[in-house]
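Shown next, in structure tokens, is the structure this report addresses.
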Amino acid sequence: MRTVDFTPINRFAVGFDRMQRQLESMAHLDEATSAYPPYNIEVLAEDAYRITMAVAGFAMSDLDITVQDAQLTVAGRVERSEAPVEYLHRGIATRAFERRFELADHIKVTGAVMDNGLLHIDLKREVPEALKPRKIAIEASAPQRKAIEQKAA
């Protein structure tokens, strides 16, 4: 069974539309298309990440990196040459691709570098100051003074 019905969630969950779309898109992933091009996701530091994609056969002008909302899209399309090429063996795939990555809140793309057929996309978590945990100082309470009852004379 590959179909999941998220309708019951809509009855009590408000504002989780993005999460529902992500779950639905994950349920419909085609495993054959998700294997190309191969990629790694590295943790460089506590708040720094790198996506490395193997894009042999693609020039920098053949690649397009776009961030919209919280989705990073990497697309590649090689312009075919006019002259037909005859191959004895063709092992380097240069077919068009589009790979999407859902970015968590506060993840920003800081740059991209092409090196030896590998595309490196650097990401950094930038949490706004207002959302960072903050320390609350504990103050000593003022000493309480006991009131002495005054009797009427």
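Any read-out appearing in this document is the output of simple, stated calculations on the displayed coordinates, not a laboratory observation. Given the structure is predicted, the values throughout are model-derived calculations rather than measurements. No Cβ is skipped: glycine too gets one built from the backbone with ideal geometry, and neighbour counts run over all protein chains shown.
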Checklist entry - Based on the mean of other beta carbon atoms within 10 Å per residue, what is the order of 81-94, 118-131, most packed first? => result 118-131, 81-94
Next on the checklist: Using a 7 Å offset from Cα along Cα-Cβ at ALA59, what residues in the stretch 99-126 end up with backbone N under 16 Å from the label point?
Outcome noted: 114-117
